[in-house]
Amino acid sequence: MTLTTHATLGAVIGHATGNSALAFVLAFISHFLIDMIPHGDTGLADSYKIHKRHKKRALAYVMVDAVAAIFFVLLLANTRDIVSMRTFSWGIVGGVLPDLIVGIYEITKTPLLKWFNTLHFYFHDFFVKRKGDVPLYYAILAQVVLIAYLQTKL
Ligand SMILES: [Zn+2]
């Protein structure tokens, strides 16, 4: 899923729990569960490894994804009366952290994080490997709808 989706879901979880530690843990777990829904980025990740032009495209996708997520989180933080900025923040941190760890693994290839990377993609590819992926365009549209719904819960 996009980082904006993970961040928004994390924020909602943080809001619902009202407890920082619980917000972090549940949002962290939510990342794996929502990533199981096929969301169009499998081709992106695989072509990244094959072709240089695709590599640029995958990197651009990650950059746009990350900056869009920052903007959206700032938009929420500045336009809503967030009851607890602490649980809001811990929810977001838990929601996006798995992808940060995967990114660090991709850069460093450290054996320390290999197991985490494997775990992440076990969930991420769970249905995609069995049923195939959906087109990225539709997946992003679906996520825009999901985010529009989730932000009403804040
Ligand atoms: Zn992920």
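Solvent-accessible surface (1.4 Å probe) assigned to F126 amounts to roughly 50 Å². Which of rounded, prolate, oblate describes segment 96-154, given a ≥ b ≥ c as roots of the alpha-carbon gyration tensor eigenvalues and a/c under 1.5 marking rounded, otherwise prolate only if a/b is larger than b/c? Taking the square roots of the gyration eigenvalues as a ≥ b ≥ c, segment 96-154 is oblate.
In terms of the Cα gyration tensor, with a ≥ b ≥ c the square roots of its eigenvalues, is segment 48-137 rounded because a/c is under 1.5, prolate because a/b exceeds b/c, or oblate? Prolate, since a/c reaches 1.5 and a/b exceeds b/c. Kirkwood radius, the chain, all distinct C-alpha pairs, inverse of mean reciprocal distance: 15.9 Å. Axis angle, to the nearest 10 degrees, between helix 52-79 and the longest C-alpha principal axis of the chain: 0 degrees. Each of the trypsin sites (Lys or Arg not before Pro) that DSSP puts in a loop and that has at most 12 other Cβ atoms within 10 Å breaks the chain; the longest unbroken stretch is 50-108. Within the full protein context, the accessible area of V96 is estimated at about 40 Å² for a probe radius of 1.4 Å.
Rolling a 1.4 angstrom probe over segment 1-72 with all protein chains present gives an accessible area of which 74% lies on carbon and sulfur atoms.
Using a cutoff of 8 angstrom between alpha carbon atoms and counting only pairs six or more residues apart, the relative contact order for segment 41-154 works out to 25 percent.
Number of Lys-Lys pairs in segment 7-134 with C-alpha atoms under 19 Å apart and a separation of 8 or more places or on different chains: 4.
Each of the peptides 27-33, 98-104 was scored by the mean count of other Cβ atoms within 10 Å over its residues; in descending order, highest first, they stand as 27-33, 98-104. The candidates T87, T110, T118, arranged from most to least accessible area with a 1.4 Å probe in the full protein assembly, appear as T118, T110, T87. The residues of segment 78-154 expose on average 67 square angstrom of accessible surface per residue, using a 1.4 Å probe on protein heavy atoms.
The values are calculated or read from the model by the stated rules, or taken from the named source; none is laboratory data. Being a predicted model, the structure only gives us computed values, none of them experimental. Here the Cβ is made from the backbone with ideal geometry for all residues, glycine too, and neighbour counts use every protein chain on show. Calculation scope for accessible area: heavy atoms of the full protein, side chains included, ligands and nucleic acids excluded. Shrake-Rupley method; radii C 1.70, N 1.55, O 1.52, S 1.80 Å.
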